[in-house]
Amino acid sequence: MREYNFYVYMLSSFKGVLYIGVSNNLQRRISEHKNELMEGFTKKYKCKKLIYYECYSDVRNAIAREKQLKNWSRSKKESLISKLNPSRADLSDEWK
């Protein structure tokens, strides 16, 4: 069984602003975003809805994927999200 210790994730604001990040503890990191515990982009633009994530066992692969996604066009990101989460449901809702 493969263990996943790193995550690349996308958050969305109510207005549709996207944020892409990487973390070694997805649940904790999403909680930090939702509770606005850290200053920065996600707090400023209220990006709190987890709409997409991928799991990695190697941090280098996770960081490379994060950089790749950040360089994609908006339409390419939207297409990826739509394939795996067409309703754009908050994937962290089940963690409550």
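General observations
- So Arg65, is it in contact with a strand residue (DSSP E or B) (Cβ under 9 Å, 6 or more places away or on another chain) and on the phi > 0 side of the Ramachandran plot: no
- For segment 11-37, filtering for residues that are among the aliphatic types (A, V, I, L, M) and under 13 Å from Ala62 (Cα atoms) leaves 3.
- Of all the numbered requirements in (1) in contact with a helix residue (DSSP H, G or I) (Cβ under 9 Å, 6 or more places away or on another chain); (2) not in a loop (DSSP other than H, G, I, E, B), Ile81 misses one, and that requirement is (1).
- Only listed residue being of a type outside the set (Lys, Arg), in contact with a helix residue (DSSP H, G or I) (Cβ under 6 Å, 6 or more places away or on another chain) and in contact (Cβ under 8 Å) with a residue 24 or more places away in the chain, chosen from Ser57, Ser92, Ser12: Ser92
- Single condition Leu91 does not satisfy, out of (1) out of contact with any Leu (no Cβ under 7 Å at 6 or more places or on another chain); (2) under 20 Å from Gly16 (Cβ atoms); (3) assigned to a loop (DSSP other than H, G, I, E, B); (4) hydrophobic (A, V, I, L, M, F, W, C): (1)
- Segment 1-31: number of residues that are under 15 Å from Glu66 (Cβ atoms), among the polar types (S, T, N, Q) and in contact with a Cys (Cβ under 9 Å, 6 or more places away or on another chain): 1
Each reported figure results from applying straightforward, stated rules to the coordinates on display, with no laboratory input. As the structure is a computational prediction, the values presented were derived from the model and not from experiment. FYI the Cβ positions are ideal-geometry reconstructions off the backbone, even for glycines, and counts take in every protein chain you see.
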